[in-house]
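Before any comments, here is the structure.
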Amino acid sequence: MRVPIVAGNWKMNPSTLDESYALAHEIVSQDTGNSNTISVICPPFPTLKTVKELCQNSYVKIGAQNLHAESSGAFTGETPPEMIAELCDYVILGHSERRQLFAEDDKFIGAKVSKSLELGISPIFCVGETLEQRDSDLAYSVIEAQIKSSLSAIPTNKMQQIIVAYEPIWAIGTGKAATPEIAQQMIAHIRDCLKSISNDFTASQIRILYGGSVNAANAESIASQEDIDGALVGGASLKAEEFLNIIKAFSSI
């Protein structure tokens, strides 16, 4: 059984340490835990240690929003991945904002995935197409290329530790989520792509999340889809009650 994961990507929010702590506290104090769903929050780097301590005796897991492929060196502004491994169980890699704003390509993202697996951190590996690519009937080929370029070098026995997140770029932060049917079609395609670089059993065990304007109102319909194993939540994860209701939607399926 694939246990669903609901991960909150706080991005560059909230703007202060106190606000970050308060949001985490509100989530932790109300998340009573459920064996049917894993809850993850991914706050900004400066708050990781404080939030980790807050979550120590809770059901909420901690994730990072980025990780470098090298262990150390002259990479100004980056954080040693071993340091992240001391604090985090999960890390978001390949997010469209990293691809677009920081020119991260598939090869570099693949190296990051390898590093996270080496350190025992579960990568949440993001793939997705732009609206232009979807309108040009390129969505399937774009997703396949992203998966094969980044993950083909990963040993099959490590593949099950990877979590894939399908995030259609045209739905991120726009309030326009993919319909549950479109999300299911794309995620089924992702599972087929994973089969092609591993095997049927391994691909059947990999959790695939949907991300893109997920909220409490649409979470249940998304959760009801056969191949969707959770959600990567952006803006809605900054509202404790909304985020907790999304978790409940996946827990009740």
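Taking the conditions (1) in contact with a Cys (Cβ under 6 Å, 6 or more places away or on another chain); (2) farther than 20 Å from Gln65 by Cα; (3) surrounded by 22 or more Cβ atoms within 10 Å (Cβ to Cβ) in turn, Glu144 satisfies each one other than (3). Taking the listed residues Ala231, Ala203, the one that is under 13 Å from Arg2 (Cβ atoms), surrounded by 17 or more Cβ atoms within 10 Å (Cβ to Cβ), at pLDDT 95 or above and of a type outside the set (D, E, K, R) is Ala203, with no other qualifying. Of everything in the range 101-138 that is touching a helix residue (DSSP H, G or I) at 6+ places or on another chain (Cβ under 8 Å) and hydroxyl-bearing (Ser, Thr, Tyr), the residue that is surrounded by the most Cβ atoms within 10 Å (Cβ to Cβ) is Ser116. Reported count of residues in the range 42-86, each being under 16 Å from the mean Cα position of the chain (by Cα) and assigned to a loop (DSSP other than H, G, I, E, B), is 5.
Take Glu97 and decide whether it is at pLDDT below 95, farther than 27 Å from Asp200 by Cβ, part of a helix (DSSP H, G or I) and out of contact with any strand residue (DSSP E or B) (no Cβ under 9 Å at 6 or more places or on another chain). No: the conditions fail for Glu97. For the residues Glu181, Glu144, the requirement of being closer than 16 Å to Ile222 by Cβ and among the charged types (D, E, K, R) singles out Glu181.
Would the range 108-120 turn up any residue that is among the β-branched types (Val, Ile, Thr) and under 15 Å from the mean Cα position of the chain (by Cα)?
If we filter the range 108-120 for residues that are among the β-branched types (Val, Ile, Thr), which is where we start, we get 109, 113.
From what's left, under 15 Å from the mean Cα position of the chain (by Cα): 109, 113.
Yes; the residues of the range 108-120 include at least one that is among the β-branched types (Val, Ile, Thr) and under 15 Å from the mean Cα position of the chain (by Cα).
Scanning the range 206-227 for residues that are surrounded by fewer than 23 Cβ atoms within 10 Å (Cβ to Cβ) and not in a helix (DSSP H, G or I) gives Ile206, Arg207, Ser213, Asn215, Ala216, Ala217, Asn218, Ser224, Gln225, Glu226, Asp227. Annotation: Gly175 fulfils all but one of (1) of a type in the set (Gly, Ala, Ser); (2) under 26 Å from Ala216 (Cα atoms); (3) in contact with a helix residue (DSSP H, G or I) (Cβ under 7 Å, 6 or more places away or on another chain); (4) free of Cβ contacts under 8 Å to residues at least 40 places away in the same chain; the unmet one is (3).
A quick yes/no check of all residues on (1) of a type outside the set (Lys, Arg); (2) free of Cβ contacts under 8 Å to residues at least 12 places away in the same chain; (3) surrounded by fewer than 22 Cβ atoms within 10 Å (Cβ to Cβ):
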position	(1), (2), (3)
Val28	yes, no, yes
Ile41	yes, no, no
Thr50	yes, no, yes
Leu54	yes, no, yes
Lys61	no, no, yes
Leu67	yes, no, no
Phe75	yes, yes, yes
Asp89	yes, no, yes
Glu97	yes, no, yes
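Each residue in the range 101-132 was checked for being over 27 Å from Val51 (Cα atoms) and in contact (Cβ under 8 Å) with a residue 60 or more places away in the chain, and 2 pass.
Against the conditions (1) surrounded by 15 or more Cβ atoms within 10 Å (Cβ to Cβ); (2) modelled with pLDDT of 95 or more; (3) of a type in the set (S, T, N, Q); (4) over 18 Å from the mean Cα position of the chain (by Cα), Ser15 satisfies every one except (1). Residues in the range 142-159 that are within 18 Å of Ile208 (Cβ to Cβ) and either without any contact (Cβ under 8 Å) to a residue 12 or more places away in the chain or acidic (Asp, Glu) (or both): Glu144 only.
The values are calculated or read from the model by the stated rules, or taken from the named source; none is laboratory data. Quantities reported herein were computed from a predicted structural model and do not represent experimental measurements. Methodologically, a virtual Cβ is constructed for each residue, glycine included, from the backbone with ideal geometry; neighbour enumeration extends over all protein chains shown.
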